[in-house]
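**Q** Input: one structure, supplied below.
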Amino acid sequence: MNYTFHFADVFAYADLLLRGAWLTVQLSAISTMLGLIVGIAGALGRNSQITPVRWLATAYVELIRNTPFIVQLFFLYFGLAQMGIKMTAGQAALLTMVVNLGAYATEIVRAGIDAISKGQWEAGLSLAMTRWQVFRHVVLLPALEKIYPALTSQFIIVMLGSSVVSQISAEELTFAGNFIQSRNFRSFEVYFVITGLYLLLALGFRQVFRLIGQRVFRKA
Amino acid sequence: MVQFTFWDILRNLLLAAQWTVLLSLIAFIGGAIVGLLVCVARISKSPGPRWGARIYIEVLQGTPLLMQLFLCFFGLSLIGLNVPPLAAAAIALTLYTSAFLGEIWRGCVEAIPKGQWEASASLALTYPEQMRYVILPQAMRIGVAPTVGFAVQVVKGTALASIIGFVELTKAGTMINNATFQSFLVYGLVALLYFALCFPLSLLSRRLERRLNVARAS
């Protein structure tokens, strides 16, 4: 193999890489927060006593979990544009990430709620709390604590999956890579560096989630 | 300009879906073989293979599948091999699948109570014999449901092969979309076809899981 690597050609575009990485972080952080909210709402929908609501939530979860992220992205970006709903690439990327994460979070949160013993519900109701109050003040936090590791993994999967949004020209980390690659043709070096950056982001995110977890679920 | 009817679109998508199925099968079978090695290395008694497998899993699970595809695609051509997109996609998806299956199966082996190891060791079984006759048959029972469940991820993962130019379901969808401008219909159909491939696997996985839980509870 007579190939000399030229990593300097990649780092010449360090500012572009950093800007791309920053957008990846932003997209991931916002979709994490919104996705968790969708997930909690979805879990309530899945456990709802109203049949159509339950069906709707189930259909949402199954449809999203059994189709690829990239197809969801194309459907929302190009498909909705054809229907007259125009979005920027960034908005479509964020929307798809939230919709995608929401479906997975729904199932994870539901598992957490199911894991809370019935006695907790009964105790809350016997204190004259409404079902919503029991959910909000008694059930939700312990449920989230139980599923926190699974949620963290799912957030990181979505962060890594966000590399795909470069395909609709959202200018995140992979897009920066594609751009640099088209300038200096150092494909392997570029994607090697980008892959390393994603690995760092994944390790960093896991650390941040651990710290957040320690604060939120702090034991007395 | 050529006019596409609804049936033209559907027929072409179905033709392309065959490649999605083929690529999924290659990746799943290849991933299972490599994954078994990863699993064995991960639970090995010597620290060398254990750490090697651990780093392998961390890297493949901590980086995007799209980057792995790009690195295989551009990396192999770098060492002078002119790889067709199908080969690059098959290699990348195999590696990706092996990391996840290896880790899933490690969990299954470790779920077997320690007493089983001790009992079989006291019967003077060697390590391979313990694995072959005592541990693996039990671990495989636990492992079937999550393995089938992961097959869904493999099928969905093949969609990314479209980006390096392999014409499977997603790429066919993009090409037809570029010719017809009927994005809503085309990508809707593409999504439905993936759903038709994945949903039965999801159902099967869930049913296997339930059956196992019933068996364990009794």
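**Q** Return yes when residue B:147 is of a type outside the set (D, E, K, R), assigned to a helix (DSSP H, G or I) and either free of Cβ contacts under 8 Å to residues at least 12 places away in the same chain or under 30 Å from residue B:9 (Cα atoms) (or both) and no when it is not. Don't jump to the end; show me each part of the working.
**A** Working: of a type outside the set (D, E, K, R): yes; assigned to a helix (DSSP H, G or I): yes; either free of Cβ contacts under 8 Å to residues at least 12 places away in the same chain or under 30 Å from residue B:9 (Cα atoms) (or both): no.
For residue B:147, the condition - of a type outside the set (D, E, K, R), assigned to a helix (DSSP H, G or I) and either free of Cβ contacts under 8 Å to residues at least 12 places away in the same chain or under 30 Å from residue B:9 (Cα atoms) (or both) - is not met.
**Q** Can you tell me which residues in the range B:48-59 are open to solvent by 20 Å² or more (accessible area, probe 1.4 Å) and either more than 9 Å from every other protein chain (Cβ to nearest Cβ) or among the polar types (S, T, N, Q) (or both)?
**A** Narrowing the range B:48-59 to residues open to solvent by 20 Å² or more (accessible area, probe 1.4 Å): B:48-52, B:54-56, B:58-59.
If the condition is that a residue be open to solvent by 20 Å² or more (accessible area, probe 1.4 Å) and either more than 9 Å from every other protein chain (Cβ to nearest Cβ) or among the polar types (S, T, N, Q) (or both), then B:48, B:49, B:50, B:51, B:52, B:54, B:55, B:56 are the ones that fit.
**Q** Taking residue B:100 and the conditions (1) without any contact (Cβ under 8 Å) to a residue 12 or more places away in the chain; (2) among the aromatic types (Phe, Trp, Tyr); (3) under 22 Å from residue B:198 (Cβ atoms), which numbered condition does it fall short on, given that it satisfies the others?
**A** Result: residue B:100 passes all but (1).
**Q** Of all residues in the range B:69-87, which are under 16 Å from the mean Cα position of the chain (by Cα) and under 19 Å from residue A:193 (Cα atoms)?
**A** B:69
**Q** If you don't mind, there's one more thing I want to ask. Taking the condition over 16 Å from residue B:13 (Cβ atoms), within 12 Å of chain A (Cβ to nearest Cβ) and assigned to a helix (DSSP H, G or I), does residue B:203 pass? So that I can check it myself, show each step before the final result.
**A** Working: over 16 Å from residue B:13 (Cβ atoms): yes; within 12 Å of chain A (Cβ to nearest Cβ): yes; assigned to a helix (DSSP H, G or I): yes.
Considered against the rule, which asks whether it is over 16 Å from residue B:13 (Cβ atoms), within 12 Å of chain A (Cβ to nearest Cβ) and assigned to a helix (DSSP H, G or I), residue B:203 comes out as yes.
**Q** Within the bounds of the range A:159-175, is there any residue that is free of Cβ contacts under 8 Å to residues at least 60 places away in the same chain, open to solvent by 50 Å² or more (accessible area, probe 1.4 Å) and either out of contact with any Phe, Trp or Tyr (no Cβ under 9 Å at 6 or more places or on another chain) or under 29 Å from residue B:70 (Cβ atoms) (or both)?
**A** No, the range A:159-175 contains no residue that is free of Cβ contacts under 8 Å to residues at least 60 places away in the same chain, open to solvent by 50 Å² or more (accessible area, probe 1.4 Å) and either out of contact with any Phe, Trp or Tyr (no Cβ under 9 Å at 6 or more places or on another chain) or under 29 Å from residue B:70 (Cβ atoms) (or both).
**Q** Check the range B:144-152 and report whether any residue there is within 16 Å of the chain's Cα centre (by Cα), within 11 Å of chain A (Cβ to nearest Cβ) and under 22 Å from residue B:213 (Cβ atoms). Let's see the steps before the verdict.
**A** At the first step, the residues of the range B:144-152 found to be within 16 Å of the chain's Cα centre (by Cα) are B:144-152.
Then drop every residue that is not within 11 Å of chain A (Cβ to nearest Cβ), which leaves B:149, B:152.
Cutting the leftovers down to under 22 Å from residue B:213 (Cβ atoms) gives us B:149, B:152.
Checking the range B:144-152: at least one residue is within 16 Å of the chain's Cα centre (by Cα), within 11 Å of chain A (Cβ to nearest Cβ) and under 22 Å from residue B:213 (Cβ atoms).
**Q** If you check residue B:191 against the conditions, is it surrounded by fewer than 22 Cβ atoms within 10 Å (Cβ to Cβ), within 11 Å of chain A (Cβ to nearest Cβ), free of Cβ contacts under 8 Å to residues at least 40 places away in the same chain and within 29 Å of residue A:59 (Cα to Cα)?
**A** Details: surrounded by fewer than 22 Cβ atoms within 10 Å (Cβ to Cβ): no; within 11 Å of chain A (Cβ to nearest Cβ): yes; free of Cβ contacts under 8 Å to residues at least 40 places away in the same chain: yes; within 29 Å of residue A:59 (Cα to Cα): yes.
Taking the combined requirement at face value, the residue does not satisfy it.
**Q** From the list A:153, A:166, A:162, A:182, which one is away from chain B (no Cβ under 11 Å), small (Gly, Ala, Ser) and part of a helix (DSSP H, G or I)?
**A** On the way: A:153 fails: away from chain B (no Cβ under 11 Å); A:166 fails: away from chain B (no Cβ under 11 Å); A:162 fails: away from chain B (no Cβ under 11 Å).
Selected residue: A:182, the only one of A:153, A:166, A:162, A:182 that is away from chain B (no Cβ under 11 Å), small (Gly, Ala, Ser) and part of a helix (DSSP H, G or I).
**Q** Also: Mind listing just one residue for me: the one in the range A:75-119 that is in a helix (DSSP H, G or I) and β-branched (Val, Ile, Thr) and, of those, farthest from residue A:146 (Cα to Cα)? Talk me through it step by step, then tell me what you get.
**A** To start, the set of residues in the range A:75-119 that are in a helix (DSSP H, G or I) comprises A:75-82, A:89-115, A:118-119.
Still in the list and also β-branched (Val, Ile, Thr): A:96, A:98-99, A:106, A:108-109, A:113.
Details: A:96: 27, A:98: 22, A:99: 23, A:106: 14, A:108: 10, A:109: 9, A:113: 9 Å.
Taking the candidates together, the pick is A:96.
**Q** Check off (1) open to solvent by 20 Å² or more (accessible area, probe 1.4 Å); (2) under 19 Å from the mean Cα position of the chain (by Cα); (3) not aromatic (Phe, Trp, Tyr) for residue A:182 and give me the number that stays unchecked.
**A** Among (1) open to solvent by 20 Å² or more (accessible area, probe 1.4 Å); (2) under 19 Å from the mean Cα position of the chain (by Cα); (3) not aromatic (Phe, Trp, Tyr), residue A:182 violates only (2).
**Q** Consider the range A:193-206. How many of its residues are open to solvent by 90 Å² or more (accessible area, probe 1.4 Å) and free of Cβ contacts under 8 Å to residues at least 24 places away in the same chain? So that I can check it myself, show each step before the final result.
**A** Restricting attention to the range A:193-206, the residues satisfying the condition of being open to solvent by 90 Å² or more (accessible area, probe 1.4 Å) are A:200, A:206.
Of the ones still in play, those that are also free of Cβ contacts under 8 Å to residues at least 24 places away in the same chain are A:200.
The total comes to 1.
**Q** Given the options B:15, B:10, B:23, name the one that is under 30 Å from residue B:174 (Cβ atoms), more than 12 Å from every other protein chain (Cβ to nearest Cβ), touching a residue at least 60 places away in the same chain (Cβ under 8 Å) and surrounded by fewer than 14 Cβ atoms within 10 Å (Cβ to Cβ). First the steps, then the outcome.
**A** On the way: B:10 fails: surrounded by fewer than 14 Cβ atoms within 10 Å (Cβ to Cβ); B:23 fails: surrounded by fewer than 14 Cβ atoms within 10 Å (Cβ to Cβ).
Residue meeting the stated conditions: B:15.
**Q** Still on this structure, I have one more. Could you list, in sequence order, all residues of the range A:112-128 that are open to solvent by 60 Å² or more (accessible area, probe 1.4 Å) and of a type in the set (A, V, I, L, M)?
**A** Correct list: A:125, A:127, A:128.
**Q** Which residues, taken from the range B:149-171, are open to solvent by less than 30 Å² (accessible area, probe 1.4 Å) and within 30 Å of residue B:109 (Cα to Cα)?
**A** We begin by selecting, within the range B:149-171, every residue open to solvent by less than 30 Å² (accessible area, probe 1.4 Å); these are B:149-152, B:154-162, B:164, B:166, B:168-170.
Passing the criteria: B:149, B:150, B:151, B:152, B:154, B:155, B:156, B:157, B:158.
**Q** Of the numbered conditions (1) open to solvent by less than 70 Å² (accessible area, probe 1.4 Å); (2) more than 9 Å from every other protein chain (Cβ to nearest Cβ), residue B:186 satisfies every one except a single condition; which is it?
**A** (2)
**Q** Collect the residues in the range A:53-102 that are facing chain B (nearest Cβ under 10 Å) and charged (D, E, K, R), keeping them in residue-number order.
**A** A:62, A:65 - these are the residues of the range A:53-102 that are facing chain B (nearest Cβ under 10 Å) and charged (D, E, K, R).
The values are calculated or read from the model by the stated rules, or taken from the named source; none is laboratory data. Since the model is a prediction, treat every value here as computed from it, not as a measurement. Quick reminder, even Gly has a Cβ in these numbers, built from the backbone with ideal geometry, and neighbours come from all protein chains shown. Note: areas computed on protein heavy atoms with side chains; ligands, DNA, RNA excluded. Shrake-Rupley method; radii C 1.70, N 1.55, O 1.52, S 1.80 Å.
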